[in-house]
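The values are calculated or read from the model by the stated rules, or taken from the named source; none is laboratory data. Remember, predicted model here, so these are calculated numbers, not experimental data. Cβ atoms come from the backbone with ideal geometry, glycine included; neighbour counts cover every protein chain shown. Side chains are part of the model used for accessible areas, which takes the heavy atoms of the whole protein and leaves out ligands, DNA and RNA. Shrake-Rupley method; radii C 1.70, N 1.55, O 1.52, S 1.80 Å.
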Amino acid sequence: MASIYGGASGNGWKLRLDYTVTQDRAANTSSLRLRLYLYANTTGSYNLEKDSAYYVLQGQKVYQTYQYTAPGWYLLGERTVTVRHGADGNGSVQLGGQWVSDVESSWAPASLSVSAAVALPRILRPSVLRVAELTLGQACVLSIRAEEERYTHRVTYALGSASGTVVQETAQRELTWTPPLELARQLPQSVAGTMRLTVTTYDGDTTMGSSVTECRVYVPDTVRPTAALTVTSVNDNAVLEQWGVFVKGMTRLRWQVTAQGAYGASIDGCSVSCGGVGGSGLNGVSAGAVSVSGEVTAAAMVKDSRGRSVSVEAGSVTVYEYSGPTMTRPAVCRCDADGTACSDGGYVKVKCGAQCSDVGGRNRVSLRVRSRRPGGEFGGYTALESGVEKVLPGFSPLLSYELELSAEDLPGSRRTVVCAIPTAAAAVVTVADGSAARKAAETLAAEMKKEYRIADPGLTVAVETVETKSLPMDE
C-alpha cells in the first residue's frame, strides 16, 4: 500500500489517500483500491446537516455528515478504479481527493485536498512478432521482440478457415518459415489476403499472454490456371469434312479447351482465336470460316477467378487455298473419223486442259463433254482426258450443235463452258440484181426440199460454197 498526503490546514487538519495496485497482465490494466482518510485535529467538531459536508474521491462526490470528538485519522470513503496501460506496458494516473466541511470556524477548516501523479508499475507485455509481406510457398523471416531473454514462444497462423503452427515452442528470436502454398485455397477469388500471426509468450510454465500481428500475404504469380487446346475443322462440304482439312474461306473452327484453376480457383473465362476467327467459351464452333492460309496456330486465353490468365496453343494446322477448277482455252473443230480436221466432217475433235486446287494432294479434276442441238436437250457425257484430243462421232455436216465442256473437282466445284459447232459450210444465194443472202447449210438444205417458182425468167440462182473454220471456245 502507498499513501499520498495533502497539505495541513492552519490548525493541523489534513487528507491522506492510500492506494494498493493489482495488475491484470492479459488485459494490460491496473486496478487501484483507493481509501481517503481525514486527520481531524480536534476534541469536538461536527456538521450534521444533510447534504452539506462532502468528500470527493477520484472524481466521485459523496455527501457525508461528521462528528469528531478526538484527534485521529478517520476514513471518509473508498473506491476502486481501473487504469489501462499503453501498448508498451507503461501506465500512470492522477489520483486526488477533497473534503469540504461546509463550515467556517476555528475548530475545522473549510476544505482540504490531496493529489499526486502516480507512475504505475510497468506490465511486462507478451512478445511481439514482426514480419514484412509474405508470399505463399516462399521462405520469409519472422522476428520476435521479447522483453526478457528467458521468454520462449509459440507461433501460430490463421488465414481464412485454415490455421496451423509455425513453431511449437522456441527461444529463437528470428525464425525462417515458408507459408504453405496450399493456403492459396483460402484465396480463391483474390491474389492477396490478410494472415493473422499469433505469438504466445511463456516465462517458464507461466503464460505471459499473446499478441497478434496481421500481415499481407500473396499468392505467387506462378499459381495460374492450366489449360490444353485442341482444334478441328468443320466443313459443310461433305468431301472436305471427310478429308478433315482446313480450307480458307470454307472451313469453320471447332475448339475444345480443357482448363483447371489452381489451388481452389475456378475458371472464369476463355477466348480462342485461329486464322482470323474464334470465339469465347471452353468449347464451340466459330461463326465464320478461317480467313488466312498457310501454317496457322490456334491459341486460347484462359482466365481464373483470381484474375490470373494463361495462354496455350494447339499444334499448327495447314489452311489450304481453294478455288473452283479452271480450264485452258479449249480447241474444237469438225474432223473426219481419224481426227483430220475438215470443214464438212461428221465428227468433232475436242482438246482441253483442266486444273484444280491441290488441297494437299487430295483433290483431282475430271473433264467431260456432251452435246445437243440448239434449243434441245443435252445427251450423255463423254469423259475427256486433260490435254488429250478426243474425236466425237455423230455430228451431221448439215446441222449445227452446241458442245458443253465441264471440269469438276472432288469437292463438287464445277466450271462449264459451251461452244457452238456450226454446219459444214455456208451458202450465198445471189440474185440478178446483185443482192446476196448467206444461209446456213442446214437452212438451205431444208429450203432445197421445197419447190421454187421463178417469176422472172431472167433470174439466175447460184450456190457458192464458203469454207468454215473450227471455232475455238472462249472461256
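Here are 170, 194, 198: which of them is in contact (Cβ under 8 Å) with a residue 12 or more places away in the chain, in contact with a strand residue (DSSP E or B) (Cβ under 9 Å, 6 or more places away or on another chain), more than 30 Å from residue 306 (Cβ to Cβ) and not hydrophobic (A, V, I, L, M, F, W, C)? Give the steps one after another, and end with the answer.
Working: 194 fails: more than 30 Å from residue 306 (Cβ to Cβ); 198 fails: more than 30 Å from residue 306 (Cβ to Cβ).
Going through 170, 194, 198 in turn, just one is in contact (Cβ under 8 Å) with a residue 12 or more places away in the chain, in contact with a strand residue (DSSP E or B) (Cβ under 9 Å, 6 or more places away or on another chain), more than 30 Å from residue 306 (Cβ to Cβ) and not hydrophobic (A, V, I, L, M, F, W, C): 170.
Are there any pairs with C-beta distances below 6 angstrom linking a residue in region 288-317 that is within 11 Å of residue 259 (Cα to Cα) to a residue that is open to solvent by 20 Å² or more (accessible area, probe 1.4 Å) and among the polar types (S, T, N, Q), with the two at least 6 apart or on different chains, and if so which?
301/271; 301/309; 301/311; 303/309
Run residue 70 past the list (1) touching a Gly at 6+ places or on another chain (Cβ under 9 Å); (2) more than 24 Å from residue 1 (Cβ to Cβ); (3) surrounded by 14 or more Cβ atoms within 10 Å (Cβ to Cβ) and report the number of the one that doesn't hold.
(3)
Out of region 338-387, which residues are open to solvent by less than 30 Å² (accessible area, probe 1.4 Å), of a type in the set (A, V, I, L, M) and free of Cβ contacts under 8 Å to residues at least 40 places away in the same chain?
Correct list: 369, 384.
Please note which strands (runs of 3 or more DSSP E) are completely contained in region 175-240 and include at least 3 residues that are at pLDDT 95 or above and out of contact with any Ser or Thr (no Cβ under 9 Å at 6 or more places or on another chain).
Values: elements: 192-203, 206-218, 226-235.
The qualifying strands (runs of 3 or more DSSP E) are 192-203.
With the requirement that a residue be open to solvent by less than 40 Å² (accessible area, probe 1.4 Å) and under 22 Å from residue 325 (Cα atoms), what does region 388-411 give you?
Matches in region 388-411: 403, 404, 405, 406, 407, 409, 411.
Quickly run through region 248-261 and pick out the residues that are open to solvent by less than 60 Å² (accessible area, probe 1.4 Å) and either assigned to a strand (DSSP E or B) or touching a helix residue (DSSP H, G or I) at 6+ places or on another chain (Cβ under 7 Å) (or both).
The answer is 251, 253, 255, 257, 259.
Restricted to region 318-336, and to residues that are in contact with a Gly (Cβ under 8 Å, 6 or more places away or on another chain) and surrounded by fewer than 20 Cβ atoms within 10 Å (Cβ to Cβ), which residue is modelled with the lowest pLDDT?
Step by step, filter region 318-336, then rank; the result is 328.
Yes/no per residue for (1) under 60 Å from the mean Cα position of the chain (by Cα); (2) surrounded by 15 or more Cβ atoms within 10 Å (Cβ to Cβ); (3) part of a strand (DSSP E or B):
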site	(1), (2), (3)
3	no, no, yes
12	no, no, no
19	no, yes, yes
35	no, yes, yes
43	no, no, no
52	no, yes, no
56	no, yes, yes
